[in-house]
Amino acid sequence: MLNAMRDGAKSGVLKFFLLGLLVLAAGGLVLTDVGGFFRGGVSATDVAKGKGFTIDARQFDRTVRRTLSQQGISPQQAYQFGLVDQILNREIQMRMLSREAESYGLRVGDETVLKQLAELTETLVANGGRKKDALQQVLRSQGISEDEFIETIRGEIRNNLFSSALTAGSTTISDATARDLYQFENETRDIQYFTLTNASVKGIEQPTDMQLEKYYETIKNQFLIPERRSVTIATLKPEALEDVVKIEDSDVRDVYDDNIKQYERPEQRTVRQAILSNADEAEKVVAQINKGKSVESAVKSVTGSKDGYLGENDFSKNGLLEEVAAPVFDGKKGDLIGPVETALGFHVIQLRNIKEAGVESFDSVKAAIKKELLAQRMESEMLDTANMVDDRLASGEELEPIVADVGLTTETFSNFSMGGTNTKDKDLFKSYENDRSEVLAVAFETDQGEASPVMELDDGRFITIRVNEIVERSYEPFTDVKKTVKSQWLDTQREAANNFRVTEAMEKIIAGASFKDVAKEYGARITTKKKLGRYDEVKAPLDAKALRALFKTDIGKSISERNAEGYVIATATSAKLPDASKAKADDIEKIKTQYQSAMGQDILTQYVNSLSGKYKVRINKRLLNQMYGTAPAAGN
């Protein structure tokens with residue numbers, strides 16, 4: 001059925017949905033590390049593993065780069081910000097939910113997927129998209145196959161159905177509760193606050209060199225210079241063997257004769273086809289064709305666009321949707337068929353030609369057979385040559401004579417870190433995009449002066465990596481960073497002294513001293529804010545965390561919250577609740593919808609949390625560091 005769907009719909013209807021999936025993938029960046037997954041204990045080639053599923057490095061790297069491709073951020077930067085961990089967490093959650101859905105017998109059939117695609121077709125047309133050729137263009141740009149795309153759709157449907165079943169019927173909010181929540185959401189408070197900054201602390205003694213050297217040892221990792229390597233990559237490409245592999249016409253003929261059944265052609269129909277969104281449009285197209293217009297012209301005349309016209313194509317019977325196949329193969333040359341309704345819309349089909357079953361002639365398939373035979377022999381010759389290179393390297397032979405004998409190409413990469421970037425943060429391994437994690441892992445596992453075993457790349461090339469130089473990881477010397485160390489030491493001392501002041505001030509307030517008197521004692525100025533809402537945007541020195549604390553605290557009680565410059569000490573002096581009886585019905589409904597959604601998400605999160613133990617999820621942090629890690633001191 002999916003083959004029929006792809007043939008009948010010309011595959012181009014899916015672009016909009018794929019872009020939607022990419023948005024969902026980016027949306028996954030806000031998820032948290034449920035279940036505390038980030039532990040260890042996975043194989044060297046998998047970034048994650050759980051009961052019944054694995055996520056291998058190459059697959060995950062494609063997901064990361066696809067997700068970040070339109071975000072303007074590199075994988076290394078995303079890893080520093082924790083986004084790569086969150087993408088991985090989303091992938092783990094999806095697989096656990098899929099496994100659970102399957103364990104409960106939830107299956108998504110082809111017909112359900114087909115219906116989803118039909119809806120997406122309408123969305124695409126409504127947004128000016130072209131059905132024809134769109135899928136292949138999008139798949140190429142995103143680096144995934146049709147099968148991967150179809151299974152992504154199936155998985156999304158299955159997971160959504162399962163998630164909906166988990167939360168169904170458990171999130172009802174009563175009117176009375178909604179009114180209480182309305183008051184909670186719209187409460188306002190008057191507040192007072194003052195700040196005690198670290199910079200305002202006086203009298204910090206200057207440190208001795210001995211103190212600074214001891215402190216330097218405790219923060220040494222800040223000044224880490226990562227290990228860097230320089231390598232030569234020797235590559236075996238098919239071009240090096242073009243003169244070795246020859247295909248004779250007799251070889252091609254032998255393949256044709258030995259596989260003659262493969263060249264039997266089933267009965268086919270040549271049709272011009274259009275798919276319209278409703279029956280009325282389809283009938284109008286039929287009427288115009290009957291008056292002499294072409295299918296393409298009729299579609300444009302009725303709809304104002306050619307997008308509904310799918311062109312002229314040859315189909316075997318099993319290449320068409322069932323509803324369409326029967327009338328097309330029962331028809332005669334020249335017949336106009338339709339409208340025929342399917343899940344994709346209303347089909348209008350003009351039967352242009354009937355091609356009887358037969359056998360393709362040798363001359364018509366000769367070029368294709370020769371091309372395939374050449375590819376097979378080239379693959380075999382590539383493998384034999386790669387094994388020969390591997391044997392010569394294993395025997396201790398130097399790389400240069402092998403390069404000269406075989407015709408390998410070489411490229412040198414200098415002074416890069418485990419993330420694949422040089423000291424200027426330039427990515428040196430863009431040309432190895434699909435294999436970068438494996439290439440970098442081998443580069444950092446091979447000893448200096450040694451060449452790695454030959455490895456095959458995703459595109460069929462073979463490479464060996466010789467490590468030319470290793471610069472071991474080190475630390476910037478104390479004398480070079482003494483000024484920075486001293487500045488941090490003084491900041492730490494001021495922060496400690498300020499922490500003591502804040503504790504002392506809060507104890508005085510709790511003991512009964514007035515807020516005003518305590519502020520005056522520490523030389524601080526009180527600021528007043530009126531009618532602050534629970535979710536208002538506030539400016540420094542207040543922040544969202546302090547505002548939340550003020551709304552959780554009783555009126556008249558004080559709180560202290562750390563901020564970028566030190567601490568803010570604040571108190572809520574009064575509170576006002578709105579009259580819920582005067583709330584608009586729309587506002588109450590909005591509250592219900594908001595909290596019902598939040599409760600459903602909370603149920604789902606708790607359920608996913610419970611799965612982490614069941615599926616024994618493990619994360620390969622070492623491999624993630626190799627793939628995306630950067631060093632804060634010296635760049636990557």
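The values are calculated or read from the model by the stated rules, or taken from the named source; none is laboratory data. Nothing here was measured: the structure is a model prediction, and the numbers come from that model. Note that we place each Cβ from the backbone using ideal geometry, even for glycine, and neighbour counts take in every protein chain shown. We work out accessible area using only protein heavy atoms, side chains counted, and drop any ligands, DNA or RNA first. Shrake-Rupley method; radii C 1.70, N 1.55, O 1.52, S 1.80 Å.
Measuring nothing but alpha carbons in segment 325-462 and taking Rh as the Kirkwood radius, the Rg to Rh ratio lands at 1.29. Length, then width, then depth: along the principal axes, the Cα atoms of segment 475-628 run 68, 56, 27 Å. Computed in the context of the full set of protein chains, the accessible area of segment 295-345 at 1.4 Å probe radius has 40% of its extent on carbon or sulfur. Converting phi to 3J(HN,Hα) with the Karplus coefficients 6.51, -1.76 and 1.60 and the offset θ = phi - 60°, segment 484-498 yields 5, 4, 4, 4, 5, 4, 5, 4, 5, 5, 5, 4, 5, 5, 5 Hz in sequence order, with x at every glycine or proline.
If you wrap the tightest convex hull around every Cα atom of segment 405-464 and split its volume per residue, you get 99 Å³.
Using R0 = 22 Å, the C-beta based FRET efficiency linking residue 430 and residue 455 works out to 0.75.
Each semi-axis of the equivalent ellipsoid for segment 368-428 is √(5λ) with λ an eigenvalue of the Cα gyration tensor; in descending order they amount to 31, 20, 10 Å.
Summed over the residues of segment 572-628 and divided among them, the accessible surface reaches 59 Å² per residue at a probe radius of 1.4 Å.
Please state the shape class of segment 238-377: rounded when a/c is under 1.5, otherwise prolate if a/b exceeds b/c and oblate if not, all from the C-alpha gyration tensor. Taking the square roots of the gyration eigenvalues as a ≥ b ≥ c, segment 238-377 is prolate. The portion of the accessible surface of segment 495-636 made up by carbon and sulfur, rounded to a whole percent, is 52 (1.4 Å probe; DNA, RNA and ligands excluded).
Normalised radius of gyration (Cα atoms, divided by 2.2 N^0.38 Å) for segment 519-590: 1.35. Note on segment 70-110: Cα-Cα pairs beyond 15 Å make up 57% of the total pair count. Each residue, residue 239 and residue 448, gets one label point 7 Å from its Cα in the Cβ direction; the gap between the two is 3.4 nm. Between segment 173-231 and segment 265-320, the C-alpha centres lie 65 angstrom from each other.
Using alpha carbon coordinates only, what is the Rg to Rh ratio of segment 346-391, with Rh defined as the Kirkwood radius?
1.41
Quotient of the Cα radius of gyration of segment 176-304 and 2.2 N^0.38 Å, N being its number of residues: 2.91.
Think of a 1.4 Å ball rolled over the protein heavy atoms: segment 186-277 then has 54 Å² of accessible area per residue. Over every Cα atom in segment 421-520, the radius of gyration and the widest Cα-Cα span, Dmax, amount to 27.6, 78 Å. Taking every protein chain into account, the accessible area of segment 351-475 amounts to 56 square angstrom per residue (probe 1.4 Å). From a point 7 Å beyond the Cα of residue 526 in the direction of its Cβ, which residues of segment 544-564 have a backbone N at a distance under 14 Å? Hits in segment 544-564 for residue 526 at 14 Å: 556-559. With a Förster radius of 41 Å applied to the beta-carbon distance between residue 406 and residue 291, the computed FRET efficiency rounds to 0.05.
Look at where the Cα atoms of segment 586-624 and of segment 361-401 average out, and the two centres are 51 Å apart.
Across the alpha-carbon set of segment 253-328, the Rg to Rh ratio works out to 1.19, Rh being the Kirkwood radius.
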